[in-house]
Amino acid sequence: MEETVLNCDSPGESSDVARLCRIGDVVEKITGGCSTKKTDYISDGVLVLNKGHIKGYGIVDLGDHERFVSVKYANDNPTRVVKKDTVLVTLRDLSVKADFLGLIGTYKRHQDALITQGMYSLDLGEEIFAPYLVYYSNSPGYRAYVKRNKIGSTQVHLRNGQFLDIKIRRFQVITAI
């Protein structure tokens, strides 16, 4: 994989304010979703999120087609159950165009949901602002990098390590009196 620094500098930014790091430096934990089967779905229960639900600009949209698994299934997979404000990323895309690959969003519903294969939850360190990651995952440089480094010919993906190695700017919190 080529070494690339994505340009996200803004006018007036100095090296004192922002320093380069990897996404993996600000992600404390990454958890992949369950591998569900058609027979796991039921008419009501715990909401299911899949890789296609993350859209541009951080929107997690289930559309009008919600799917559910049993409470028992969710309880058997507790690390894959997410709550409101969980940060999510999709590292698989069913289209070679990879329009959704690498997008980051924040789950906003009040009901718990189970994530499925291709979607990952991210536990972030306190030094990163989740909306910044969402914004960054929609930036032209990030989108081009993801599309250039995708793997596969039909169902494309990024390896976890590839995603965690993407360079970002980590901003220091500056307070003035």
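So which of K51/K167; K37/K108; K37/K72 end up more than 18 Å apart by C-alpha?
K51/K167; K37/K108
What is the sum of charges, Lys and Arg at +1 and Asp and Glu at -1, for the other residues whose Cβ falls under 13 Å from the Cβ of L94?
Local charge sum for L94: +2.
Suppose only helical runs count, i.e. DSSP H with n ≥ 4. What mean residue ellipticity at 222 nm does that imply for the chain under -39500 (n - 2.57) per run, divided by all residues and rounded to the nearest 500 deg cm²/dmol?
-4000 deg cm²/dmol
How much of the calculated P(r) for the stretch 9-138 lies past 19 Å, in percent of all Cα pairs?
51
Sort 90-99, 124-133 for me by packing, meaning the mean count of neighbouring Cβ atoms within 10 Å per residue, highest on top.
Per-residue Cβ counts within 10 Å, averaged per peptide and sorted highest first, yield 90-99, 124-133.
Give me the angle, in degrees from 0 to 90, between the Cα long axis of helix 140-149 and the longest principal axis of the Cα atoms of the chain, rounded to the nearest 10.
Result, in degrees: 60.
What ranking of S70, S121, S153 emerges when the number of other C-beta atoms within 10 Å of each C-beta is taken as an exposure proxy, fewest first?
Exposure proxy ranking, most exposed first: S153, S70, S121.
Please identify which residues in the stretch 24-39 have an amide N closer than 14 Å to a label point set 7 Å out from the Cα of T79, following the Cα→Cβ vector.
Inside the label zone: 28-35.
For I168, enumerate residues with amide H under 5 Å from its amide H, sequence gap 5+ or separate chain, H modeled in the peptide plane.
C21, R22, I23
Only the coordinates and a few stated rules stand behind these numbers; no lab work does. If you're wondering where the values come from, they're calculated on a predicted model, not measured in any experiment. Here Cβ is always computed from backbone atoms with ideal geometry, including for glycine, and neighbour counts include all displayed protein chains.
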